[in-house]
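Accompanying notes for the structure given below.
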Amino acid sequence: VQEINFGYCPGPIKVLNVKVDSLYMDMSLVTTEESDDHVIDVFWLGENTEFFSGYYRIYRSVEGQSYFSLIDSVNDAHTYYTDRNVNTAMYAYRYRIEAVNSCGSTVSTSIHRTIRLSGAYDGDTTINLNWNPYQGWPVSNYSVDRSLDPDTSLAIYELTNDTSYIVIKTIEGYRQCDRVSAKESGLSNVISWSNKVCIDFDPVLWVPNAF
């Protein structure tokens, strides 16, 4: 900046620092925890944060709602949040993060939605699994995983691009738990897990024929 007096004589040049706050946020992932399907972890990225020292506000919408509610906030040192006040077996949840930059403008992430899995057993040999698609990034495929009896470790049962799958019950075990995970297209380590669905079967008794 250079001032000019009434005689049109230029004054000394003054250098003013202009602060450009270009805070940007991007939602990365929402998922139930792999070790605990009763809670949801929310992850996001904050970029150009040199002028940001406020709070990230977490907004949530429950399946069936058309609006978002503020549920909590975290300071600028955190870019993740664990939501424990959820019922993952009953609802899918949508999340977005907001922050106010130093200019007073609100900056928001995109919306991501969790996967809710449901299962129906026909009482004979068929388990029908259905789930909502993950919202937030393109899905490469869905992995249908299962565990049997007291062994809670999950093994891949099938890969599919659909949002439903029919599992044929075998005589192996009396309790089967199924879970679905979505893999982000193009990336190998970004996975969103659904809730777990467990079905108990009546034990199969074999009576030997002595004749």
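Coordinate-derived values only; no laboratory data. Bear in mind the structure is a predicted one, so any value in this text is a computation, not a measurement. All Cβ positions, even for glycine, are placed from backbone atoms using ideal geometry, and neighbour counts span all protein chains on display.
Odds and ends about this structure:
- Pairwise FRET efficiency - Arg84 versus Ile111, Cβ, R0 = 25 Å, nearest 0.05: 0.75
- Segment Ser22-Phe43, length gained on full extension (0.36 nm per residue, minus Cα span): 5.5 nm
- Sorted from longest to shortest, the spans of the Cα atoms of region 106-150 along the three principal axes equal 54, 22, 19 Å.
- For region 22-103, a Kirkwood radius taken over Cα pairs fed into Stokes-Einstein (25 °C, viscosity 0.890 mPa s) yields D = 182 µm²/s.
- The value given for region 60-123 is a Kirkwood hydrodynamic radius of 14.0 Å, derived from the mean inverse Cα-Cα separation.
- In this simple spin-label model, placing a label point 7 Å from the Cα along the Cα-to-Cβ direction at both Tyr121 and Val190 gives a separation of 3.7 nm.
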